1. Answer yes or no as to whether F31 is aromatic (F, W, Y) and surrounded by fewer than 14 Cβ atoms within 10 Å (Cβ to Cβ).
2. What is the number of the single condition among (1) crowded, with 20+ Cβ neighbours inside 10 Å; (2) free of Cβ contacts under 8 Å to residues at least 60 places away in the same chain; (3) out of contact with any helix residue (DSSP H, G or I) (no Cβ under 9 Å at 6 or more places or on another chain) that E110 does not meet?
3. Which one of these is of a type in the set (D, E), part of a loop (DSSP other than H, G, I, E, B) and farther than 29 Å from K82 by Cα: E222, E172, E228?
4. From N21, N70, grab the single residue that is polar (S, T, N, Q), away from ligand 2 (no atom under 16 Å from the Cβ), without any contact (Cβ under 8 Å) to a residue 24 or more places away in the chain and over 21 Å from R155 (Cβ atoms).
5. Pick from K36, K14, K49: which is of a type in the set (K, R), within 13 Å of ligand 2 (Cβ to nearest atom) and closer than 30 Å to L231 by Cβ?
6. Check E12 against each of (1) away from ligand 1 (no atom under 16 Å from the Cβ); (2) touching a residue at least 60 places away in the same chain (Cβ under 8 Å) and name the one condition it does not meet.
7. Please verify whether S64 is over 22 Å from L157 (Cβ atoms) and at pLDDT 95 or above, treating the condition exactly as stated.
8. Counting only residues that are of a type in the set (V, I, T) and in a strand (DSSP E or B), which one in region 18-47 is nearest to E61 (Cα to Cα)?
Amino acid sequence: MTAEKQAPVGIEAKHVTEVFNGKNVLNDLNFSVQPKEIFVLMGPSGTGKSVLLRLIAGLDEATSGSICINGTSLKEVKRKNKYVLGLVFQAGALFNSLSIFDNLALYFREHRLCSEKEITKRTERMLEMLNLKGIENQIPSSLSGGMKKRVALARGLLMEPDVLLFDEPTSELDLLTASSIIELIGSVNRRLGITTVIASHDILLAKSIGHHIGVLQNGTLEEIYTPETLLHSDNAFIKNFLNPTINLDHPQFPSFLL
Ligand SMILES: Nc1ncnc2c1ncn2[C@@H]1O[C@H](COP(=O)(O)OP(=O)(O)OP(=O)(O)O)[C@@H](O)[C@H]1O
Ligand SMILES: [Mg+2]
């Protein structure tokens, strides 16, 4: 139905620069994501995680530099429809005017990929796998935050992607629900071996399921970490990012309240 399944996918970013309004948000960025691994993209708010994810998804084009999927440039990948890149957005991006079932069926219907009978079969199977059975006729706004994230993951997985991309999959969730989403993404990766890139602030996520972790700073990734090397890093920026100190005498946003 979708593009023919290829070998597990590796991603390579070479000299990627993205400029907005004269400012380099990403600056000569170089890194690789190995096939089947979970790569976590961290960094403080506004450092360009979502921008980079959109570039990897092929939704935007970098100002300069290239992103390749198994050695083929993204432009070519898109032109040939060679790989499916499944993006699970920051806010879920589900349509409130559609039922959960119709949200999940949308991709198949838009691309005329299979019959309604087959869509129902696949959707039901996915809802069961993600423990979401029985919510088919509800609309997204009636679901909890954790359920919405699971529906968004279901929609991503139904595309049978070669690469799964997540933007902040645990944001706005309590710790317990966040950990269930982390387990879900980790076990999906173990079971299906889909190369996965996750933009996230969540250190629990990075250390529990990240195989490699990059921390964006000044538009670049100085070093690629494993959970162990990240947690034991001597780099002052990393230390402060993982364990910020609160200082009311010298606040980061000074004076307007004083
Ligand atoms: N389409 C755009 N036009 C102009 N500037 C943009 C655009 N998209 C993003 N930016 C800018 O790029 C920078 C990085 O944004 P981005 O959304 O990638 O940050 P982020 O690291 O994902 O932050 P957060 O953790 O809050 O989600 C920000 O300064 C943002 O304003
Ligand atoms: Mg973001």
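1. When the stated conditions are applied, F31 does not pass them.
2. Failed condition: (1).
3. On the way: E222 fails: part of a loop (DSSP other than H, G, I, E, B); E228 fails: part of a loop (DSSP other than H, G, I, E, B).
Result of the check over E222, E172, E228: E172.
4. Criteria check complete, one pass: N21.
5. K49
6. The one condition E12 does not meet is (2).
7. Taking the combined requirement at face value, the residue satisfies it.
8. Kept after step one, since they are of a type in the set (V, I, T), are these residues of region 18-47: 19, 25, 33, 38, 40, 47.
Still in the list and also in a strand (DSSP E or B): 19, 25, 33, 38, 40.
Details: V19: 11, V25: 13, V33: 19, I38: 23, V40: 21 Å.
Among residues in region 18-47 that are of a type in the set (V, I, T) and in a strand (DSSP E or B), the one nearest to E61 (Cα to Cα) is V19.
The values are calculated or read from the model by the stated rules, or taken from the named source; none is laboratory data. Everything numeric in this text was worked out from a predicted model, so none of it was measured. Quick reminder, even Gly has a Cβ in these numbers, built from the backbone with ideal geometry, and neighbours come from all protein chains shown.
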